[in-house]
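Participant: Sharing a structure below in structure tokens format, with a few things to ask.
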Amino acid sequence: MKVFILCGGFGTRLRPVIGESQKAVAEVAGRPFLEFVVGALVRAGLRDLVFCTHYQSSQVEQVVERLRGDPGLRLEVVREPRPLGTGGAVVHAMRSLEYRGRLLALNADTYLDAEAYRAAAASEPPSLVVTRVDDCMRYGAVQVDASMLVTALKEKGTPGPGWISAGVYGLDSDTLGGFMNQELSMEKDVLPRLVSARRLRAVVYEGPFVDIGTPESLQSMRAMGVQGS
């Protein structure tokens, strides 16, 4: 199973903290954040990794080159010719590599432990890893029925406790085959189509969840330090 790691975003909200750097390589405990993500994937037994890049791709490539020192890893980098969005980046990389089969897609700016990736890899696609938070306001809320079938995806701004997307998607090439190789949002284009078809199931994750997309959350991850090593 290939894992497609989305690390091409511009990280606009983090500019006051990391400047022009790619947010996936933001420093945490003396290491690029991306290494923590890779470490959790390796502990989950996932070693066939594809890095989907665009903005500051060379910074991600430098991290990947260091990781190549582990002979147990299979690493590939696919650079987008232009920003294609979270869904478009996966479709582009999948087709560039002529890959067919099951896959995981995940955000490079979110730390989860290995259990999240094990659960996603074991689930039948298409699936979405969800975690429960006290306030969904910053995130888009995920509504599910009694069988954990996803029934609705709510925009950011919905207050109160509930399920949110943890940014890990269990997919396959057949599921993505109906999408054009163009700009696509995973959250606004790919997932809503699956929800409408009543095909998307939620996989519950109860471990640590740190999204470094804001200066405050990056500081939270830095405070965790080597807990994510």
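Participant: Roughly how many Å² of residue 131 are accessible to a 1.4 Å probe, to the nearest 10?
Facilitator: 10
Participant: According to the square roots a ≥ b ≥ c of the eigenvalues of the Cα gyration tensor, what is the shape class of the stretch 125-213, taking rounded for a/c under 1.5, prolate for a/b larger than b/c otherwise, and oblate for the remainder?
Facilitator: In terms of gyration-tensor shape, prolate.
Participant: Here's something else I'd like to know. Between residue 179 and residue 206, what length comes free when the chain is fully extended (0.36 nm per residue of separation minus the Cα-Cα distance, one decimal in nm)?
Facilitator: 6.6 nm
Participant: Normalising by the residue count of the stretch 1-76, find the relative contact order in percent from Cα pairs under 8 Å and 6+ residues apart.
Facilitator: Reported as a whole number, the value is 39 percent.
Participant: Cα gyration tensor of the stretch 9-94, axes a ≥ b ≥ c as square roots of the eigenvalues: rounded (a/c below 1.5), prolate (a/b > b/c) or oblate?
Facilitator: The shape class here is oblate.
Participant: Can you tell me the order of 24-34, 66-76, 96-106 when each peptide is scored by its average per-residue count of other Cβ atoms within 10 angstrom, highest first?
Facilitator: Highest-to-lowest ranking by the protection proxy: 24-34, 96-106, 66-76.
Participant: If the only charges are +1 at each Lys and Arg Cβ and -1 at each Asp and Glu Cβ, what is the size of the charge dipole of the chain around the Cα centre, to the nearest 20 debye?
Facilitator: 220
Participant: May I ask you to give the percent of accessible area on the stretch 50-128 that is carbon plus sulfur, with a probe radius of 1.4 Å?
Facilitator: 46
Participant: Classify the stretch 98-159: rounded, prolate or oblate, from the alpha-carbon gyration tensor (a ≥ b ≥ c, eigenvalue square roots; a/c under 1.5 rounded; otherwise prolate if a/b is larger than b/c)?
Facilitator: Taking the square roots of the gyration eigenvalues as a ≥ b ≥ c, the stretch 98-159 is prolate.
Participant: Separate question: Return the aspartates and glutamates within reach of residue 23: Cα separation strictly under 12 angstrom, same-chain partners fewer than 8 residues apart disregarded; answer none if there are no such residues.
Facilitator: Of all the aspartates and glutamates, those that pass the test against residue 23 - Cα under 12 Å, at least 8 places apart if same chain - are 109, 211.
Participant: Something else: Could you work out the local net charge near residue 191, counting Lys and Arg as +1, Asp and Glu as -1, over the other residues with Cβ closer than 13 Å to its Cβ?
Facilitator: With Lys, Arg at +1 and Asp, Glu at -1, the net is +3.
Participant: Do the sum for the chain: with -39,500 (n - 2.57) for every DSSP H run of n ≥ 4, divided by all residues, what is the mean residue ellipticity at 222 nm, to the nearest 500 deg cm²/dmol?
Facilitator: -8000 deg cm²/dmol
Participant: Determine the per residue accessible area of the chain with all protein chains present and a 1.4 angstrom probe, expressed in square angstrom.
Facilitator: In whole numbers, the chain has 44 Å² accessible per residue.
The values are calculated or read from the model by the stated rules, or taken from the named source; none is laboratory data. Bear in mind that the values here come from a model prediction, so they are computed numbers and not experimental data. Don't worry about glycine lacking a Cβ; one is built from the backbone with ideal geometry, like all the others, and counts go over all protein chains shown. Heavy atoms of the whole protein, side chains included, go into the accessibility calculation; ligands, DNA and RNA do not. Shrake-Rupley method; radii C 1.70, N 1.55, O 1.52, S 1.80 Å.
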